[in-house]
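One structure is given here, and the rest of the page talks about it.
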Amino acid sequence: MPATSANSAAPANDQLLDYVTSCALPTPWAQFTLHAFVEHSTGKEHLAMVLGDIGDGAPVLARVHSECLTGDVLFSQRCDCGAQLEGALQRIAQEGRGILLYLRQEGRGIGLVNKIRAYRLQEAGADTVEANLQLGFHADARNYELCKPMLEQFGVKKLRLMTNNPRKIDALTRLGIEVSDRVPLLVNRNAFNNNYLNTKQAKLGHMMTPPAVPADQAPSPAAAPDVI
């Protein structure tokens with residue numbers, strides 16, 4: 001699909017960040033438009049990947065993805081982040097319409113070096129929450145306030161949010177962003193991240209169980225073989 005122009009978008013909230021520029025971004029699944037923002041208070045550069053017409057008022061398939069260099073770039077299997085990023089982009093491409101916000105808040109907000117320190121503590125027996133706390137941080141130090149002006153840039157008011165994290169939904173809702181539907185994003189559970197995912201479910205409330213299939217959508221049971 002052709003790249004979406006940002007020429008008709010509203011300016012970002014001057015108190016939080018500036019909208020800078022955009023370019024076409026071809027991916028294996030679709031050609032997105034990549035939009036760049038700079039946060040005033042930190043100088044961090046945040047991104048939005050947009051596909052199709054998302055400013056028509058209808059709920060938009062969306063992912064709010066926090067940076068994970070080890071998972072997104074280095075293919076780490078210690079988490080599910082890279083697989084979630086890829087899965088979200090694939091789903092948006094399949095629909096032909098959607099947005100992914102890429103927020104620069106590595107390690108649930110503690111930064112890359114501290115995340116590596118946390119990994120070291122996990123190798124000594126701590127879980128992902130205990131490691132952050134032992135380093136003097138909150139279990140989850142992320143902040144989603146930038147999402148509102150970033151979404152306003154494109155006229156997006158309602159989301160069909162790809163997430164397993166109820167705290168993210170609550171945070172966006174408190175900002176006045178309507179989440180009309182939650183789309184589970186359960187991917188890449190493996191031997192290296194199984195404890196990590198279990199801890200996120202037990203201590204952070206993540207919804208890691210696949211949703212039940214409604215009875216009218218469930219496949220019919222296979223017919224029992226004839227007894228001879």
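For region 103-145, relative contact order (Cα pairs under 8 Å, six or more residues apart, normalised by length) works out to 41 percent. For region 118-174, averaging the sequence separation of C-alpha pairs within contact (under 8 Å, six or more residues apart) and dividing by the residue count gives a relative contact order of 24 percent.
Contact order, relative form, for region 15-127: 24 percent (alpha carbon pairs under 8 Å, 6 or more residues apart, mean separation divided by residue count). Rolling a 1.4 Å probe across the protein heavy atoms gives region 105-212 an accessible surface of 50 Å² per residue.
Taken over the chain, the ratio of Cα radius of gyration to 2.2 N^0.38 Å equals 1.12. For region 47-89, carbon and sulfur atoms together expose 62% of the accessible surface, with a 1.4 angstrom probe and every protein chain in place. Mean-square fluctuations from a GNM of the chain, with a 10 angstrom spring cutoff on Cα atoms, peak among T33, T128, T173 at T173.
With a/c under 1.5 counting as rounded, go ahead and sort region 103-165 into rounded, prolate or oblate using the C-alpha gyration tensor (a ≥ b ≥ c being the square roots of the eigenvalues; past the cut-off, prolate if a/b is larger than b/c, else oblate). Verdict is prolate for region 103-165.
For the chain, the share of DSSP beta bridges that are antiparallel, to the nearest 5, is 60%. Rounded to the nearest 500, the helix-only mean residue ellipticity at 222 nm of the chain stands at -8000 deg cm²/dmol, with each DSSP H run of n ≥ 4 adding -39,500 (n - 2.57). Which residue fluctuates the most in the chain, going by a Gaussian network model with Cα springs under 10 Å, if the choices are L101, L175, L34? Answer for the Gaussian network model of the chain: L175.
The listed residues T163, T27, once ranked by accessible area (1.4 Å probe) with the largest placed first, stand as T27, T163.
GNM remark for the chain: springs join alpha carbons under 10 Å apart, and the peak mean-square fluctuation among S41, S22, S66 falls on S41. Each other residue within a Cβ distance under 13 Å of L186 adds +1 if Lys or Arg and -1 if Asp or Glu, for a net charge of +3. Once Rg and the Kirkwood radius are both taken over the C-alpha atoms of region 21-152, their ratio Rg/Rh works out to 1.01.
The values are calculated or read from the model by the stated rules, or taken from the named source; none is laboratory data. Because the structure is predicted, anything quoted here is derived from the model rather than measured. Quick reminder, even Gly has a Cβ in these numbers, built from the backbone with ideal geometry, and neighbours come from all protein chains shown. Surface areas here come from the heavy atoms of the whole protein model, side chains and all, with no ligands, DNA or RNA. Shrake-Rupley method; radii C 1.70, N 1.55, O 1.52, S 1.80 Å.
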